[in-house]
Amino acid sequence: KLGNSLVAPIVPFVPEGDIDPPTVHMKYPGTISVTEETYQALLTDICSSYRTHGFEHIVLIGDSGGNQAGMKLVAESLNEKWTGTSTQIHFIAEYYDFASVAKWLKEQGVEQTPEGLHDDFAMTAMMMAVDPKSVRTEQRIKADRFRINGVNLAPAQDTIKWGHRLINFRAAATVTALRKSIENN
């Protein structure tokens, strides 16, 4: 709980690919996926529950490409359904806008050469800022693979500083977008 706000729990079940036959992340054992319809129904029920309890601003922020479209559709649908009421749903796509992150990094002099990996320098640096072990720092150094997309991650402390800068950049973009969304409704 933050002041008069409540931070809702993370929704751990999102579309991760088709279940049968498996696609995207469902190709990897241990992954749990839900259909787009199930995901949207879950979000709709969660948002409706918060509305019942008197929440006026419900914010949807996704941390994966696979959940952006569903969040946007649920927000649009519920905002239309609840027109004229005090409850608004705000889908904040800017949090997951990695094109802007890549552009900002390039402006800062960080040039990447895609290697076909799922992650990039930005994601790795942010993970390192939270927990350097999460990117297997020691193992990568030992294997002489402490880099991603042509960007050297050593020294680790410099990459961690980049991670904090990236977190702040994304947070600022998210807050700006949320304020704009609230002002426009």
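The values are calculated or read from the model by the stated rules, or taken from the named source; none is laboratory data. Only a predicted model underlies this, so the values are computations on that prediction, with no experimental measurement involved. As a convention, Cβ positions derive from the backbone with ideal geometry for all residues, glycine included, and neighbour counts pool all protein chains shown. Just the protein is used for accessible areas: all its heavy atoms, side chains included, with ligands, DNA and RNA removed. Shrake-Rupley method; radii C 1.70, N 1.55, O 1.52, S 1.80 Å.
Extension gain, Thr35 to Gln108, is 22.4 nm, computed as 0.36 nm per intervening residue step minus the present C-alpha separation.
For the chain, report the translational diffusion coefficient in µm²/s to the nearest whole number, using Stokes-Einstein at 20 °C, 1.002 mPa s, and a Kirkwood Rh over Cα pairs.
Translational diffusion coefficient: 115 µm²/s.
Using the Cα coordinates of the range 1-83, the gyration tensor eigenvalues translate into equivalent-ellipsoid semi-axes of 27, 14, 10 Å, sorted from longest to shortest. For the range 172-180, the Karplus equation 6.51 cos²θ - 1.76 cosθ + 1.60, evaluated at θ = phi - 60°, returns couplings of 4, 5, 5, 5, 4, 5, 5, 4, 5 Hz by residue, with Gly and Pro reported as x. Largest first, the residues Ile167, Ile58 sort by 1.4 Å accessible area into Ile167, Ile58.
Comparing Phe121, Ile141, Val151 along the charge dipole axis of the range 116-156, the residue lying farthest to the positive side is Ile141, per the Cβ-charge model. Along its first, second and third principal axes, ordered by size, the range 114-185 spans 53, 25, 16 Å in Cα coordinates. Build a GNM of the chain with springs between Cα atoms under 10 Å apart, and of Leu78, Leu117, Leu42 the one that fluctuates most is Leu117.
Taking each of Lys72/Lys103; Lys27/Lys81; Lys106/Lys161 in turn, the alpha-carbon distance tops 26 angstrom for Lys27/Lys81. Note on Ser49 and Leu73: the model spin-label points, each 7 Å out from Cα along the C-beta direction, lie 2.2 nm apart.
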